[in-house]
1. Quick one: how many residues across region 64-82 are farther than 16 Å from residue 12 by Cβ and not hydroxyl-bearing (Ser, Thr, Tyr)?
2. Tell me the residue from 31, 69 that is surrounded by fewer than 18 Cβ atoms within 10 Å (Cβ to Cβ), free of Cβ contacts under 8 Å to residues at least 40 places away in the same chain and over 23 Å from residue 109 (Cβ atoms), please.
3. Can you tell me which condition residue 11 does not meet? The list is (1) surrounded by 17 or more Cβ atoms within 10 Å (Cβ to Cβ); (2) of a type in the set (D, E, K, R); (3) touching a Leu at 6+ places or on another chain (Cβ under 7 Å), and all the others hold.
4. Considering only region 34-66, state which residues are surrounded by fewer than 18 Cβ atoms within 10 Å (Cβ to Cβ) and of a type in the set (Asp, Glu).
5. Being closer than 20 Å to residue 106 by Cβ and polar (S, T, N, Q) is the filter here; which residues of region 1-28 pass it?
6. Mind checking which pairs have a first residue in region 9-23 that is in contact (Cβ under 8 Å) with a residue 60 or more places away in the chain and a second that is surrounded by fewer than 22 Cβ atoms within 10 Å (Cβ to Cβ) and among the β-branched types (Val, Ile, Thr), Cβ under 6 Å, 6 or more apart or different chains?
7. So, in region 53-84, how many residues would count as being out of contact with any strand residue (DSSP E or B) (no Cβ under 9 Å at 6 or more places or on another chain), modelled with pLDDT of 90 or more and among the small types (Gly, Ala, Ser)?
8. Return yes or no: is residue 94 surrounded by fewer than 18 Cβ atoms within 10 Å (Cβ to Cβ) and in contact with a strand residue (DSSP E or B) (Cβ under 6 Å, 6 or more places away or on another chain)?
Amino acid sequence: MAQKLVIVLSRGLDDERSSVAWSIANAGLASGFEVLVFFVASGADWLRKGAADMPHLNAADPPIGEFMSNFVANGGTLQVCPPCAKVRGYTEEDLIDGVIWAGAPAMLEWVKDGAEILSF
């Protein structure tokens with residue numbers, strides 16, 4: 001069984017720390033981890049269709065949309081906190097394909113399974 005990593009992303013479209021979170025998430029997959037990115041607060045904005053097409057928060061990193069595409073293509077898991085999405089007016093149809101609409105209990109199942117947690 002692969003080692004697990006949960007990244008809690010609460011930073012939005014204008015915060016460079018989001019780029020760091022995506023970089024670590026992709027590096028985790030490349031290093032053999034099973035990785036979940038759990039979106040809370042303004043982090044939920046990343047999952048809105050088209051939102052990741054423009055931000056490029058760190059010139060040394062790929063665009064966020066590329067980070068996200070690579071993450072999903074390589075088997076990463078995306079979960080969004082339903083209340084965090086709803087307070088922004090998002091429905092499941094507003095979000096990119098593959099997002100799991102699940103709250104903290106689903107994320108905490110990963111923790112019960114021994115996942116390490118990083119928060120951005």
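1. If we filter region 64-82 for residues that are farther than 16 Å from residue 12 by Cβ, which is where we start, we get 66, 69-77, 79, 82.
Next cut, not hydroxyl-bearing (Ser, Thr, Tyr) only: 66, 70-76, 79, 82.
Total meeting the criteria: 10.
2. 69
3. If we test residue 11 against (1) surrounded by 17 or more Cβ atoms within 10 Å (Cβ to Cβ); (2) of a type in the set (D, E, K, R); (3) touching a Leu at 6+ places or on another chain (Cβ under 7 Å), just (3) comes out false.
4. Once the filter is applied, which keeps residues that are surrounded by fewer than 18 Cβ atoms within 10 Å (Cβ to Cβ) and of a type in the set (Asp, Glu), region 34-66 yields 53, 61, 66.
5. 3, 10
6. 10/40
7. 2
8. yes
The values are calculated or read from the model by the stated rules, or taken from the named source; none is laboratory data. On a predicted model such as this, the values are computed, not experimentally measured, just so you know. All Cβ positions, glycine included, derive from the backbone under ideal geometry; neighbour counts span all protein chains shown.
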